[in-house]
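Report on the structure given below.
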Amino acid sequence: MATAIAWPGGAFSCTRTSSLPIRRISSLSSAGVVKQSRFLRVSRIASSCGVLFRDVRCDATMAGKESPLEKSATMNNMNLLVVGPGVLGSLVGRRWLEQYEGCKVVGQTNTTNRHEELLSLGISPITKDMQSGDKYPYVIFCAPPSGSQDYVREVRAAAQRWDGEGSLLFTSSSGVYDVHNNGLCDENAPIIEKGKSPRLDMLLNAEEEVLKVGGNVVRLAGLYISLPRDIFIRSVDARPDHYLNLIHYEDAADLCIAILKKKIREQVFMGCDNTPVTRQDIMDITLQSGKFKGGFRGFTKSEGPLGKKMNNNRTREMVEWQPQYHSFGDFINRN
């Protein structure tokens with residue numbers, strides 16, 4: 001669960017046997033011997049099944065198709081629990097349902113406030129005090145620390161809902177990397193020492209809970225989504241040369257799904273678009289697009305900490321993922 005930074009200086013069955021025509025399809029070999037085709041053999045097997053078990057529809061299974069029971073079992077194996085189905089979690093759940101039609105996606109929330117909305121997306125909502133003890137092959141934890149009194153305990157509880165078969169994923173923040181002064185940062189960069197930030201300590205402790213049981217972590221850069229067209233910013237109380245790293249919510253959701261599907265164990269991934277931008281870049285791209293109203297007077301600071309330049313080529317190679325929006329400018333120009 002990364003901080004959503006979208007603006008500089010602020011938080012932004014089968015068929016019956018009779019339906020398979022039994023044809024004597026044959027061909028002559030070079031020696032003149034008649035060879036019956038595989039289709040004929042399959043049909044005969046299916047026909048025998050029909051004689052022995054007249055009410056059992058088995059021929060489609062023999063032809064390589066799933067029976068209703070098999071399909072149901074397959075879909076159960078793709079069930080997903082989303083803990084914290086906010087913007088990111090809801091996107092993951094909706095896209096998962098599109099890819100695995102017939103499976104079940106459960107969204108665990110703290111309250112019932114968004115349950116109707118989740119139902120409209122096809123996600124089955126529950127509150128955390130409604131847990132039935134069910135386990136899931138796929139679990140993703142997207143809830144932010146701000147919604148919990150004991151964040152690490154809740155992450156641990158979510159990890160216990162994983163049956164160990166598919167994949168467990170915790171969405172963390174790129175803020176845990178101890179890289180500054182606009183330095184380069186990849187998946188193997190050093191992380192901040194514990195004790196410097198209570199919030200980052202929570203994230204690092206939560207990461208450990210997931211990794212020690214075979215789950216994975218993805219450290220996301222600043223998440224953003226569409227900006228209001230009537231935005232008006234007079235000035236920003238920050239340095240213009242501070243680098244930010246971004247990833248669109250839709251790309252972050254697709255990355256999470258790619259990681260889940262790979263069934264990798266105990267790995268740390270990074271989520272970003274590989275195009276770091278300064279705060280000044282963001283303002284220039286936005287205003288020069290001509291798609292937004294308002295003006296901008298500039299930045300008010302020339303001193304203070306600088307950011308980092310993130311690169312997640314290792315993550316892209318491991319999970320075979322590429323973002324839809326390759327940069328903030330790409331997003332603005334295409335929307």
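Computed from the coordinates by the stated procedures, all read-outs in this text should not be read as laboratory data. What you see is a predicted model, and the numbers here were worked out from it, not measured in a lab. Glycine also receives a Cβ, built like all others from the backbone with ideal geometry; neighbour counts cover every protein chain displayed.
I'm checking my understanding of the structure. Among residues of segment 251-285 that are small (Gly, Ala, Ser) and within 16 Å of Ile225 (Cα to Cα), which one is surrounded by the most Cβ atoms within 10 Å (Cβ to Cβ)?
Gly271
Of all strands (runs of 3 or more DSSP E) completely enclosed by segment 139-253, which ones contain at least 2 residues that are within 21 Å of Val106 (Cβ to Cβ)?
In segment 139-253, 162-173, 216-220 are the strands (runs of 3 or more DSSP E) which contain 2 or more residues that are within 21 Å of Val106 (Cβ to Cβ).
All but one of (1) farther than 22 Å from Val217 by Cα; (2) among the charged types (D, E, K, R); (3) part of a helix (DSSP H, G or I) hold for Asp134; which doesn't?
Single failed check for Asp134: (3).
With the requirement that a residue be under 25 Å from Tyr177 (Cβ atoms) and part of a loop (DSSP other than H, G, I, E, B), what does segment 261-289 give you?
Within segment 261-289, Ile264, Arg265, Glu266, Gln267, Cys272, Asp273, Asn274, Thr275, Pro276 qualify.
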